[in-house]
Amino acid sequence: MRRLKSTLDRIDNKGYGAYKDLEGSYDFGSFTLHVDKVQRDPFAPPSLVRVRTGENAFDPDLFESPVRRFAFEDFLTRCAERAIRKAVKGNRGSGKSGRVEVQRTSQVVLPRTSVVADASYVEARMAVGLPAKGRTVDARAAREVLLEELPEIVAGALTPGGVDAEAAREHVETVEDAGHLRGLLASLGLVAFVGDGAVLPRESGASDRPMAGGAVPFRSPEEFRRTVELPNRGEVCGMGIPEGVTLIVGGGFHGKSTLLSALSWGVYDHVPGDGREMVVSREDSVKIRAEDGRSVAGVDISGSIGELPGGGSTEDFSTANASGSTSQAANIAEALEVGTSLLLVDEDTSATNFMIRDERMRELVRREPISPFIDVVGPLYRDLGVSTVVVVGGVGDYLDVAAHVILLEDYAARDVTGRSREVVRDFPPRAPVGGGGISHPRNRRLEAGSIDLRRGKKTTARGRGLSSMELGREQVDLTYLEQLAEGGQTEAIARIAGEFASVKSNRSAPEVAGEALEKIGKEGLGSLGGFRGHPGEMSLPRPQEVAAAINRVRTLKAATVPA
Ligand code: ADP
Ligand code: MG
């Protein structure tokens with residue numbers, strides 16, 4: 001600490017570059033401060049520091065198993081966020097002066113690199129804007145940040161005295177229960193579970209927090225009610241959605257999309273208080289939507305789309321500008337390629353001509369290459385074992401193909417499967433267009449060399465917030481990856497994509513994602529690289545999002561491999 005003080009005294013009022021002298025480690029008694037990387041100027045990305053306590057005095061119960069450990073580390077990250085808000089004054093001069101940041105969390109609990117709870121220490125990785133007056137070192141302000149604020153953060157977030165033990169236990173147990181519940185789904189023949197009492201609606205279209213007041217808690221229809229036994233909570237009741245094709249119907253604004261969206265987030269565990277703690281779906285579920293304008297590289301969409309104008313093959317379909325329906329077909333084929341057991345489809349975000357075609361239109365337009373999704377959902381389950389939950393308000397033809405029908409009325413769910421059978425009897429079913437089966441899309445190899453990481457003299461592969469990643473000169477748009485939860489996942493995905501591009505060996509998308517996640521499983525997320533032991537900004541992505549992100553690189557080239 002004395003050394004830190006004297007260095008600061010020495011560099012006071014010098015050019016900002018003098019801060020470089022701070023790099024190194026400092027013993028604060030109860031913890032060690034590591035200054036890993038000093039920013040070049042006050043406006044550059046903030047400097048990277050780590051604080052590591054001399055011991056881990058928390059109850060080992062909180063981090064004894066892998067699940068508990070990542071949940072606890074997630075919890076401590078949130079504690080650090082709170083402690084920073086409380087202890088840090090913030091703006092202390094030009095640029096990012098005085099800012100202290102830890103990885104930003106969302107409503108979901110993920111393995112992340114921001115905090116490590118090891119058996120013998122607790123470490124938080126943070127970014128600090130070293131304070132400047134103009135472009136010179138402001139040592140007095142730096143002393144306050146490093147010698148007063150940081151120790152307060154350590155005391156408030158990384159030691160048992162500063163942390164709410166009951167909240168920590170609840171966090172860890174909630175995550176353990178949710179993971180257990182998700183693990184039970186397959187053996188129960190379910191694709192998703194929505195606990196009674198769950199709060200599904202969100203605060204707003206721009207916020208993933210729970211609706212503040214007036215939310216109608218979820219209640220399972222009797223016919224779908226299942227009871228499960230969880231390690232911490234004990235018995236939990238809720239709606240089990242069976243494998244196969246399930247329809248969610250209901251009038252406009254009655255809560256259909258809200259339920260489907262909750263299912264799509266059910267691939268992740270949620271923080272206590274979120275309302276969706278006991279809403280889970282198969283971990284490989286994929287929300288499918290139309291995404292016109294996206295690029296597609298060599299994807300086999302022949303399962304939904306036959307011949308294209310000009311005789312273009314759909315077994316090896318590439319375009320720089322997909323239409324609503326071809327983009328949705330590509331999204332499904334890519335999901336099948338990387339592996340999924342549940343597709344989630346909402347009419348609100350689907351292309352109409354992809355979902356359905358009626359008799360009149362079939363009569364008038366003879367040259368329609370699309371087999372509408374209504375003809376594909378059945379075979380998807382029958383031939384490939386892939387279930388679908390689809391939201392439809394307007395197209396009763398879907399009743400023909402659904403095994404289960406859930407009606408939402410004033411946000412309340414009812415089983416109307418029986419009634420839907422009567423309706424089908426009274427209004428005769430339409431004849432299917434294709435009526436054939438469906439096979440797995442052809443394998444495809446991505447050309448690593450088609451992703452160019454060069455940007456000027458350097459190479460880059462990094463996340464840019466939640467919905468964009470920068471690979472060389474390309475900004476890859478990830479806006480429509482609806483199950484991407486955090487910028488930390490985007491950062492991890494960008495690095496995986498970067499690694500794939502630089503190793504220069506062609507692979508299939510499931511190989512790229514699978515191998516990367518296997519390596520992370522063994523060596524941790526930090527193995528994706530960072531600056532000297534400071535990889536602090538990543539959270540774990542799913543293989544589905546890794547593949548989806550790479551599939552959206554506009555320069556990507558790929559070719560199907562004949563079966
Ligand atoms: P739909 O897809 O059936 O048209 P939405 O799911 O978009 O309806 O929901 C319509 C509105 O109702 C949204 O503003 C949503 O936040 C709200 N909402 C949904 N479920 C509930 C609920 N259980 N309690 C209160 N409000 C809800
Ligand atoms: Mg809707």
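Would you mind checking K37/K522; K89/K458; K519/K557; K20/K457 for any pair whose Cα atoms are more than 32 angstrom apart? Over 32 Å apart, Cα to Cα: K89/K458.
Here the gap between D9 and R360, fully extended at 0.36 nm per residue and compared with their Cα-Cα distance, gives a gain of 118.1 nm. Between E523 and L147, the C-beta separation translates, for a Förster distance of 30 Å, into a calculated FRET efficiency of about 0.30.
Between S120 and E223, take the C-beta separation as r, use R0 = 45 Å, and let me know the FRET efficiency to the nearest 0.05. Show your work: numbers first, answer last.
Numbers: r = 52 Å, r/R0 = 1.17.
Result of the calculation: an efficiency of 0.30.
Judged by the mean number of other Cβ atoms found within 10 Å, the most tightly packed of the peptides 437-447, 307-317 leads the ranking 437-447, 307-317.
Could you order T246, T560 so the one with the most accessible surface comes first? Probe is 1.4 Å. List each step's numbers first, then the result.
Details: T246 0, T560 20 Å².
Sorted by accessible area, descending: T560, T246.
To the nearest 10 Å², what's S350's accessible area with a 1.4 Å probe? Roll a 1.4 Å probe over it and S350 shows about 20 Å². Largest first, the extents of the alpha carbon coordinates of the chain on the three principal axes equal 86, 54, 37 Å.
If you roll a 1.4 angstrom probe over the protein chains with everything in place, what fraction of the accessible area of the range 2-163 belongs to carbon and sulfur, to the nearest %?
On the way: 3280 of 6760 Å².
Using a 1.4 Å probe with all protein chains present, the range 2-163 comes out at 48 percent carbon and sulfur.
Cα-based radius of gyration for the range 444-560, normalised by 2.2 N^0.38 Å, reads 0.96.
Highest mean packing comes first when the peptides 228-234, 459-465 are listed by Cβ atoms within 10 Å, giving 459-465, 228-234. Modelled this way, with points 7 Å down the Cα-to-C-beta line, the labels at E422 and S30 are 6.9 nm from one another. Note on surface exposure: L384, L344 rank L384, L344 by accessible area, highest first, 1.4 Å probe. In the complete set of protein chains, residue-level accessible area for D41 is approximately 30 Å², probe 1.4 angstrom. Out of all Cα-Cα pairs in the range 2-163, roughly what percent, to the nearest whole number, are more than 26 Å apart? Counting pairs separated by more than 26 Å, the tail of P(r) holds 26 percent. Judged by the gyration tensor of its Cα atoms, with axes a ≥ b ≥ c, the range 377-454 is prolate; a/c meets the 1.5 cut and a/b is the larger of a/b and b/c. With a Förster radius of 60 Å applied to the beta-carbon distance between K458 and R430, the computed FRET efficiency rounds to 0.55.
When a 1.4 Å probe is rolled over the protein heavy atoms, the share of accessible surface on the range 444-560 that falls to carbon and sulfur comes to 48 percent.
When the helix-only estimate is applied to the chain (DSSP H runs of n ≥ 4, each -39,500 (n - 2.57), divided by the residue count), what is the mean residue ellipticity at 222 nm, nearest 500 deg cm²/dmol? Mind showing how you got there, number by number?
Details: 14 runs with 163 residues, N = 563.
Value at 222 nm, helices only, nearest 500: -9000 deg cm²/dmol.
These residues, C79, C237, go from largest to smallest accessible area, 1.4 Å probe, as C237, C79.
Please calculate how many Å² of accessible area the chain carries per residue, with a 1.4 Å probe and no DNA, RNA or ligand atoms counted. Write out the running numbers ahead of the final one.
Working: 24050 Å² over 563 residues.
Ligands and nucleic acids excluded, the figure is 43 Å² per residue.
In the assembled protein chains, D61 presents an accessible area of approximately 60 Å² (probe radius 1.4 Å).
Under DSSP H, which helices of the chain have Cα atoms covering 30 Å or more of the helix axis and a Kyte-Doolittle average no less than -1.0?
Numbers: long enough: 66-87 (31 Å, -0.39).
Sorted by number, the helices that extend far enough and score high enough are 66-87.
Our estimate of slack between R85 and N321, defined as 0.36 nm per intervening residue step minus the Cα-Cα distance, is 80.5 nm. Of the peptides 166-174, 331-339, the order by per-residue mean of other Cβ atoms within 10 Å, starting with the highest, comes out as 331-339, 166-174.
The values are calculated or read from the model by the stated rules, or taken from the named source; none is laboratory data. Being a predicted model, the structure only gives us computed values, none of them experimental. Positions of Cβ are generated from backbone atoms using ideal geometry, with glycine treated the same way; all protein chains shown enter the neighbour counts. Protein only, heavy atoms only, side chains kept; ligands, DNA and RNA dropped before computing areas. Shrake-Rupley method; radii C 1.70, N 1.55, O 1.52, S 1.80 Å.
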